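Have a look at the structure below before the remarks.
The values are calculated or read from the model by the stated rules, or taken from the named source; none is laboratory data. This is a predicted model, so every value here is computed, not measured. Cβ placement follows ideal geometry from the backbone for every residue including glycine, while neighbour counts extend to all protein chains displayed. Heavy atoms of the whole protein, side chains included, go into the accessibility calculation; ligands, DNA and RNA do not. Shrake-Rupley method; radii C 1.70, N 1.55, O 1.52, S 1.80 Å.
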Amino acid sequence: MKYFCFCQGDVLLTQEQRIPLDITSLHVNPWNLVTKIEWYGTACQIVRLDYPVNNEEFMMMNLRKSFGVLSHEDYQLAGKCAELLYWDSNSKYCGCCGAPMKWDTEISKKCTNCGKELWPQLAPAIIVRVEKGDAVLMVRAHNFRGDHYGLVAGFVETGETLEECVRREVREEVGLEINDIEYFGSQPWPYPCGLMIGFTARYVSGEITMQRSELCDAGWFKSDKMPKYPDAASIAGQLIRDWLQKR
């Protein structure tokens, strides 16, 4: 049994930076079991901590930063647990009749009054690497940390395909037309409940015209003059690194 414990977005690790196998020694800190799940043969309990823990046995770490220290399997599972914890906090009451919801299965709830069933919902978003000759399009949003750049991204709207979303987001954010849209890969993004779907595409026409409400800079960058970009924890970083490896 593994314990995935969270407090204010941080995950509890042992001082050896592993997911705890046991938290029975956690006497001084109130903890609350949210639900139990099994994931590819790994049984785990999802726990909400009332206060952060830092002692000779345990430490707290930001979930995203844990990408570099946890195994891939534990990081993926920690993300799933974090999403279920977020969903639990936002699904206390039935949206139809207002009665309390209760856990029914490992990943669903049922209304105690009308019986409505509820499952966690994902927010799918696209991210796209647009290429023009020997350059790649990179953008800097207002909410990016420091002077880092990334790729055009945005949430999928009701009624559109993923490819339509890719075209719309590029057109809205930078005013460009693209083609040759190809699927690259996807990544669960538990911040708090996303699914990032990566694509590549090629420039067709237009001049960069930024959506000022979203971006503070955008431009074409060659491999020898790259700005700071995301690390390998994100699919944005993976898309950029894949392009650089092909240069």
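What to note about this one:
- Residue that is surrounded by the most Cβ atoms within 10 Å (Cβ to Cβ), among those in region 87-102 that are farther than 19 Å from LEU122 by Cβ and hydrophobic (A, V, I, L, M, F, W, C): CYS94
- Count - residues of region 57-91 that are part of a loop (DSSP other than H, G, I, E, B) and under 13 Å from ARG18 (Cα atoms): 5
- Counting the residues of region 142-167 that are at pLDDT 95 or above and either touching a strand residue (DSSP E or B) at 6+ places or on another chain (Cβ under 8 Å) or open to solvent by 60 Å² or more (accessible area, probe 1.4 Å) (or both) gives 18.
- Restricting GLY194, GLY237, GLY198, GLY175 to residues that are within 30 Å of PHE6 (Cα to Cα), free of Cβ contacts under 8 Å to residues at least 40 places away in the same chain and surrounded by 14 or more Cβ atoms within 10 Å (Cβ to Cβ) narrows the list to GLY237.
- When region 51-86 is filtered for residues that are crowded, with 18+ Cβ neighbours inside 10 Å and either touching a His at 6+ places or on another chain (Cβ under 8 Å) or free of Cβ contacts under 8 Å to residues at least 24 places away in the same chain (or both), only TYR75 remains.
- Subset of region 114-156 that is among the charged types (D, E, K, R) and under 30 Å from ALA99 (Cα atoms) - its residue that is farthest from the chain's Cα centre (by Cα): LYS116
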